[in-house]
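Encoded as structure tokens, the structure appears first; notes follow it.
Read-outs throughout are calculated quantities, based only on the coordinates presented, and are distinct from any laboratory measurement. Bear in mind the structure is a predicted one, so any value in this text is a computation, not a measurement. Heads up, the Cβs are rebuilt from the backbone with ideal geometry, glycines too, and the neighbour counts pull from every protein chain shown.
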Ligand code: GUN
């Protein structure tokens, strides 16, 4: 048996096309071009690629897109001052500070400094708390993208066992909350879980976000399960791969995301969606 692939690129393209239409309508009606500012501190090559792709996608959809690069040795005060200026800038509707930040900067402090209404990453404790309590919030882009993919594929979550492998604030915890909001029975596990293969094998839906190349083997997957791979790693041969051993898992799963071309493009699409929402909420309170 071979699983059906979930085409993240195609689903993301549809989301982006919709956002582009919404932006054109919004700008035509209000005269305002929604603005997204992405801040990159340091020169991590992977982050540089991610940030460049976010900027390109934002430009293409009609946003006023800006990238601010700061040197790796930037101190926390400088970054906090920049965030304060962006909070006060009416042309900026969405602020994204690319993570990880260099060691001398307290990430939590920077995230908390972002105006929650401009926090299109959904990482501010206010937005995280809203997601936790089931109120309207900015949903972190990767979990939001995962949910959109599952909806696109009409995956029934109600009553199903969803196994979230990974517990980060960026992916694991918010994704688990979203799955729970759809009435899945959710297990959050991680690299230190005892007998992880046993837990994963009980999942009707498995979401992998542990950051370890091909850790989740095909033999761990329940036949017919839906497998969502958030990983973006290089394997021993230097090839881009996910957290799931794709060639093995595709023989067992019912539906599976490839890497690349799965979750990655969805993250960017949902960032644009969140930034559009930030701009339209602001316009609504004027
Ligand atoms: N680093 C990797 N993914 C992300 C993301 O979605 N947002 C931010 N801010 N940093 C990241």
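Each listed q (0.14 Å⁻¹) maps to a log10 I(q)/I(0) for segment 35-82 from the Debye sum over equal C-alpha point scatterers, namely -0.37. If you take the alpha carbon atoms of segment 7-105 and fit the smallest convex hull around them, that volume is 88 Å³ per residue. Radius of gyration over Kirkwood radius for the chain, both on Cα atoms: the Rg/Rh ratio is 0.97.
Using Cβ counts within 10 Å as a stand-in for footprinting exposure, how do 20, 118, 154 rank, fewest first? Display every interim value, and only then the final one.
Working: 20 17, 118 25, 154 6.
Taking fewest neighbouring Cβ atoms as first place, the list is 154, 20, 118.
Between 18, 148, 192, the Gaussian network model of the chain with springs among Cα atoms under 10 angstrom shows the greatest mean-square fluctuation at 192. Of the peptides 130-141, 92-103, 264-275, the order by per-residue mean of other Cβ atoms within 10 Å, starting with the highest, comes out as 264-275, 92-103, 130-141.
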